[in-house]
Structures are given as C-alpha cells and as structure tokens.
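Input: a single structure, listed below in structure tokens.
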Amino acid sequence: MERTSSQIQPPTYGNLITILSIDGGGIRGVIPATILSFLESQLQELDGESARIVDYFDVIAGTSTGGLVVAMLTAPNEDNRPLYAAKDIKDFYLEHSPKIFPQSGGLFAPVTKILKAINGPKYNGKYLHSLVKEKLGNTKLSQALTHVAIPTFDIKRLQPTIFSSYEANSDPTLDALFSDISISTSAAPTYFPAHYFQTKDSKGKTRDFNLIDGGVAANNPALVAKGEVTKEIFRGNPDFFPIKSMDYGRFLVISLGTGSAKKEERYDAEHASKWGVLGWLLSGGSTPIVDVFTQASEDMVHIHISVLFQALHSESNYLRIDAHLGLKTTTSSSSSVDIATKENMENLVKIGEELLKKSVSRVNLEKGLCEAVGNLGSNEQALIRFAKQLSDEKRVRDMRSPHTKKDKYI
C-alpha cells in the first residue's frame with residue numbers, strides 16, 4: 001500500500017503498533033459509532049479539525065456492522081480522505097437502519113416473524129445492498145486509507161475468509177470491492193441472505209466467494225488484526241522492521257463492543273432445554289443460536305487479549321469498551337440487533353454516551369468476567385489518554401519518516 005504524507009506512516013518509524021477493532025452487532029453499531037465520534041473529537045483537539053481516525057491506526061478491523069463502519073472510516077472520497085468522519089456514522093445508522101431492518105407491526109406480527117424464520121432470512125437485504133454499493137462504489141480493498149481486516153465465513157469451504165489489505169497485496173483475488181466485503185460480513189444467518197460474488201486477477205483467474213457474517217468466526221476481530229500484523233512481521237515486511245514477532249508489548253489496542261443485555265437475564269436452561277430447531281432460531285423475539293456464538297466469540301477474544309497484556313504488564317496499552325455490564329438504560333429492545341424503531345435507536349445513542357461515563361473495565365482472570373476498575377477513571381478519560389498516545393505516536397513517525405513534511409512540527 002503506497003502512502004501519502006497525510007496517512008499514517010509505518011510502525012518502523014514509531015514505537016507502537018496501533019489497532020482499532022469493532023465488534024459486530026447490527027443496529028447496536030450505533031454504540032461504537034458514538035465512542036468513535038468522541039475519540040475523533042479528542043484527536044482533532046490535539047491535531048486540528050482535519051484529523052480522522054484513519055490517520056492514527058495501522059490496522060482497523062471490523063466484523064459485521066463493525067466491518068461496515070471500517071469501510072466508512074477507511075474508504076477514500078474524491079479527495080483521498082475518509083468517506084465518513086466518525087461523527088457522521090451515528091447519523092448514518094439513525095437514518096438508514098429503519099429501512100435496512102423494516103419493522104413489521106400489527107396483530108399478526110409475531111406469526112409473520114415465525115414464518116419468515118422458517119422460510120428464509122428475516123430481511124431480503126435489498127436496501128442494505130443498494131445503499132452499500134451506492135456509498136462505496138467501485139472502491140477496492142487495496143484502496144483503503146490504512147490497513148484493514150474484515151472477517152467473513154465461506155459456507156462452501158466451511159472456513160473463515162479474512163479480507164486483509166495485507167493479504168490483498170500478495171493475492172489479488174482477495175482484492176474485492178469494499179461493497180461486496182461489507183455485504184458479506186453483514187450477512188448474519190437468519191437475518192440476511194448469504195452473499196455470492198467473484199473476483200478476478202490480472203491474468204483472468206477467478207475466485208468464487210460464498211459468504212456469510214464474519215461473526216460466525218470472529219465477532220470480536222481484535223485477534224484477527226493482531227494475527228495479520230504478526231504474519232507480516234514473520235514475512236519480513238519492512239513496515240515493521242526491526243520489530244520482533246513476539247514483541248507484543250508494542251501493541252496498542254482499542255477494542256469496541258456493541259453491547260448486550262445483562263447475561264444472567266438473557267436465557268436460562270429451563271427454557272432452552274425445551275427448544276428444538278425453531279426455538280434456537282427464534283425465542284423471545286431474538287435468535288438465541290446467533291446470540292450465543294457471537295457473545296462467546298467476543299468474550300473469548302477479550303479474555304485471551306487481557307491475559308496476554310496482563311502477562312506482559314502492558315495493561316495500559318489495551319482498552320476494551322463494551323456495554324454488557326448492565327447499564328441502567330439497557331432494555332430488551334436495546335440488546336436486539338434489528339429493532340430499528342426511533343425510540344430504540346435513540347436509546348442506543350444514550351447507551352453509548354452513558355458508556356463513556358462508565359469506569360474502565362477489565363477481565364477478572366479468576367472469574368472470567370469483566371469488572372469495573374475504579375482507579376482507572378472513566379472510559380472517556382481513558383480515550384483522552386489514548387488520543388494523546390496516538391497523537392504522540394503519529395508525530396514521532398512523521399518526524400522520522402522521509403515521506404512527510406517536517407515544517408509543520410517546527
């Protein structure tokens with residue numbers, strides 16, 4: 001990937017490897033969008049109004065709705081700057097979610113939901129597909145303004161397919177359209193149809209993709225991002241010289257969840273023991289099987305990364321912000337991925353704003369649960385500290401890199 005002077009310079013000129021990760025979660029993408037808006041505003045206070053999230057992260061990873069956010073943050077506009085500022089993503093969700101997830105009402109709505117769950121996906125995805133294609137056009141993965149990693153799952157091969165801009169450099173068949181990648185990673189089972197497309201390299205070789213939601217493989221894609229970086233270090237990518245493959249203490253990771261209801265209030269064995277196929281697909285207006293595998297993926301990745309950072313005494317370099325600690329504004333509708341009513345969308349924004357005020361949380365390694373850590377301050381205060389670290393890191397890289405102008409720092 002050829003960089004311009006306005007983009008982040010490689011880690012070889014700095015001290016850290018910076019990663020931003022955004023979970024899947026349907027309309028709950030409003031929550032990380034609210035967090036990102038605050039982070040970008042802090043970066044702008046430090047470095048000016050033109051500062052964007054993409055200018056500070058070596059890799060931005062996203063799954064499902066997080067993958068769509070990644071595309072909006074990193075796809076270039078006509079001025080080769082991000083298509084969306086972080087502050088605009090929240091409005092994108094508020095405007096388009098009711099059309100992506102049209103709500104059925106009336107006396108027979110519950111019956112309609114059951115019939116849809118039996119006969120096919122809940123939504124046909126036509127509005128989402130046309131919207132994504134309109135916004136992202138013919139932009140390809142290789143055109144992203146920083147490196148990205150977006151997981152999907154190929155149901156024909158029964159294995160994950162990770163759309164990584166690093167991999168696209170060596171395998172042109174992975175250099176797919178951002179629109180196809182975004183549609184694929186958002187194709188949640190039972191909610192949207194699977195997505196098929198082809199790519200072709202310069203020699204005419206084609207590759208078929210039969211993809212569904214990346215949440216099947218990695219709803220929390222933070223480890224995917226770290227894995228892509230580690231592979232590049234193994235390969236001797238000069239962007240990471242002289243960083244060693246096990247030098248994990250140099251990672252700085254911000255991982256954003258999309259929230260869920262209090263875990264102890266979601267399902268119980270008494271009811272689940274009676275479920276058949278339909279029960280696991282539709283119970284209480286939700287889809288338990290999807291909730292289970294996405295939540296398990298999120299938590300296992302969070303626990304793994306927490307253990308790693310704590311073992312390296314680098315806890316201050318990892319920030320996980322998620323809303324499953326039981327916020328007072330959380331309702332059963334808010335924990336859904338597709339209830340796109342005006343009331344629920346506004347409530348999700350409030351959850352994001354309230355989450356900024358919550359204490360930083362970390363995994364208790366004995367219990368395996370997230371617990372608030374009062375002496376670390378709020379998530380808002382942590383993001384202010386991280387913004388300063390990101391700004392300082394960018395400044396160091398720009399000063400050391402031969403590809404940037406130095407006069408702005410004099």
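The values are calculated or read from the model by the stated rules, or taken from the named source; none is laboratory data. All values derive from a computational prediction rather than experimental measurement. Cβ atoms come from the backbone with ideal geometry, glycine included; neighbour counts cover every protein chain shown. SASA here: full protein model, heavy atoms, side chains in, ligands and nucleic acids out. Shrake-Rupley method; radii C 1.70, N 1.55, O 1.52, S 1.80 Å.
Overview of results
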{"read-out": "Trypsin sites (Lys or Arg not before Pro) restricted to DSSP loop in the stretch 181-264 with at most 16 other C-beta within 10 Å", "value": "203, 205, 235, 244, 262"}
{"read-out": "Whole-number percent relative contact order across the chain, with pairs defined as alpha carbons under 8 Å at least 6 apart", "value": "23 percent"}
{"read-out": "Cα gyration tensor shape of the stretch 269-401, rounded if a/c is under 1.5, else prolate or oblate by comparing a/b with b/c", "value": "prolate"}
{"read-out": "Accessible solvent surface per residue of the chain, calculated while the other protein chains remain in place, 1.4 angstrom probe, Å²", "value": "44 Å²"}
{"read-out": "Sites residue 124 and residue 173 - FRET efficiency at Förster radius 22 Å, r taken between beta-carbons, to 0.05", "value": "0.20"}
{"read-out": "Unit charges on C-beta of K, R, D, E only; dipole of the chain, Debye", "value": "400 debye"}
{"read-out": "Packing-based ranking, highest mean first, of 63-76, 184-197, 123-136, 360-373 given that Cβ atoms within 10 Å are counted", "value": "63-76, 184-197, 123-136, 360-373"}
{"read-out": "Rounded tilt (10° steps) of 86-100 against the dominant C-alpha axis of the chain", "value": "20 degrees"}
{"read-out": "Degrees, to the nearest 10: 126-136 long Cα axis against longest axis of the chain", "value": "10 degrees"}
{"read-out": "Largest-first ellipsoid semi-axes for the stretch 127-184, taking √(5λ) over the Cα gyration tensor eigenvalues, angstrom", "value": "18, 16, 8"}
{"read-out": "Mean Cβ count within 10 Å, highest first, over the residues of peptides 47-54, 78-85", "value": "47-54, 78-85"}
{"read-out": "Percent carbon-and-sulfur accessible area, the chain, ignoring ligands, DNA and RNA, probe 1.4 Å", "value": "54 percent"}
{"read-out": "Most fluctuating residue given options 40, 298, 95, as computed from a GNM of the chain linking Cα atoms under 10 Å", "value": "95"}
{"read-out": "Relative contact order of the stretch 40-101, defined on C-alpha pairs under 8 angstrom at six or more residues apart (%)", "value": "24 percent"}
{"read-out": "Residue among 16, 281, 141 with the largest mean-square fluctuation in a Gaussian network model of the chain, springs linking Cα atoms under 10 Å", "value": "281"}
{"read-out": "Rough spin-label spacing in nm, given labels placed 7 Å along Cα→Cβ, for residue 49 and residue 78", "value": "2.0 nm"}
{"read-out": "Considering only the chain, percent of DSSP beta bridges that pair antiparallel, nearest 5", "value": "55 percent"}
{"read-out": "Between 0 and 90°, nearest 10: helix 379-400 axis offset from the chain longest Cα axis", "value": "40 degrees"}
{"read-out": "Per-q log10 I(q)/I(0), the stretch 203-258, q = 0.15, 0.16 Å⁻¹ (Debye; single scatterer per alpha-carbon; no solvent)", "value": "-0.66, -0.71"}
{"read-out": "Cα gyration tensor shape of the stretch 182-280, rounded if a/c is under 1.5, else prolate or oblate by comparing a/b with b/c", "value": "oblate"}
{"read-out": "Normalised per residue, the volume of the convex hull around the Cα set of the chain (Å³)", "value": "148 Å³"}
